[in-house]
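Written out below as structure tokens is the structure these notes cover.
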Amino acid sequence: MVEKGEARVDPTIDLIFKALFGQERNKDLLISLLTGVLHLGPAERPAAVEILNPFSALQVVGDKQSVLDARVTDQAGRRYDVEMMCYAHPALAERIVYCACRMVREQLGESDPYTRLRPVIVLVFTTFPLVQAGPRYHTTFRLRDAESAAVLSPLMRIDIVELPKYDKPAGAAASLEE
């Protein structure tokens, strides 16, 4: 319960989200978020993360600049982009795919072998519906065959968590407002 006069922090506000999950001093909080929301098994759980520069490197003149909320890499070299989106931009899905592809591309230099590529995981929280495919609040996209679900490559994963679709499970902890 929120007492009269107490301040409540809203993590859906961009600056608050970046302060909570995009800062060196909050690495443990970020690891817990990634592990819990992405349902990472013991072998996939990051033991440590390095907070990276949230600005993407421009490769050529006229390239699009991307600024990410929390950009990290873990001890296995996997790259994570964690975003809070409060506004339904018309081309948001395309922007998410663009950022994921860019994170893959940034891993290699001109003569580097493709075997050096490490998985990219993009986790996007939205305060609005984005995926129109039913009531599920957490949707995971991967590079799979449409019929057999065979995985082409494990290099890219995009998770969308639509907060308005989330229903608190029965028996879950009460919110601060109850």
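The values are calculated or read from the model by the stated rules, or taken from the named source; none is laboratory data. Not measured: the values here are computed from a predicted model. Because the Cβ atoms are built from the backbone with ideal geometry, glycine has one as well, and the counts that use them run over all protein chains shown. Protein only, heavy atoms only, side chains kept; ligands, DNA and RNA dropped before computing areas. Shrake-Rupley method; radii C 1.70, N 1.55, O 1.52, S 1.80 Å.
Observations on the structure shown:
- Filter pass, Glu147 being surrounded by fewer than 13 Cβ atoms within 10 Å (Cβ to Cβ) and either in contact (Cβ under 8 Å) with a residue 12 or more places away in the chain or closer than 21 Å to Arg71 by Cα (or both): no
- Members of the stretch 67-82 found to be assigned to a strand (DSSP E or B) and within 18 Å of Met156 (Cα to Cα), listed by number: Ala70, Arg71, Val72, Thr73, Asp74, Arg79, Tyr80, Asp81, Val82
- Conditions (1) under 23 Å from Pro46 (Cβ atoms); (2) open to solvent by 70 Å² or more (accessible area, probe 1.4 Å): number failed by Asp167: (1)
- Condition check for Arg71: of a type in the set (D, E, K, R) and either modelled with pLDDT of 80 or more or closer than 17 Å to Val122 by Cβ (or both): yes
- Figure legend. Inter-residue proximity from the stretch 127-138: first residues closer than 18 Å to Val37 by Cβ, second residues open to solvent by 90 Å² or more (accessible area, probe 1.4 Å) and at pLDDT below 90, beta-carbon distance below 6 Å, spacing 6+ or different chains. Indicated pairs: Tyr137/Tyr166.
- Cβ separations smaller than 7 Å between residues 6+ apart or across chains give no pair from the stretch 1-18 residues that are farther than 24 Å from Thr126 by Cβ and at pLDDT below 80 to residues that are among the β-branched types (Val, Ile, Thr) and open to solvent by 100 Å² or more (accessible area, probe 1.4 Å).
- Subset of the stretch 17-33 [of a type outside the set (Phe, Trp, Tyr), more than 16 Å from Glu44 (Cα to Cα) and open to solvent by less than 30 Å² (accessible area, probe 1.4 Å)]: Gly22
- Filtered by the rule that a residue be in a helix (DSSP H, G or I) and either under 14 Å from Asp69 (Cβ atoms) or open to solvent by less than 80 Å² (accessible area, probe 1.4 Å) (or both), the stretch 83-106 gives Leu92, Ala93, Arg95, Ile96, Val97, Cys99, Ala100, Cys101, Arg102, Met103, Val104.
- The set of residues in the stretch 34-49 that are open to solvent by 20 Å² or more (accessible area, probe 1.4 Å), out of contact with any Lys or Arg (no Cβ under 6 Å at 6 or more places or on another chain) and at negative phi comprises Gly36, Val37, Gly41, Pro42, Ala43, Glu44, Arg45, Ala47, Ala48.
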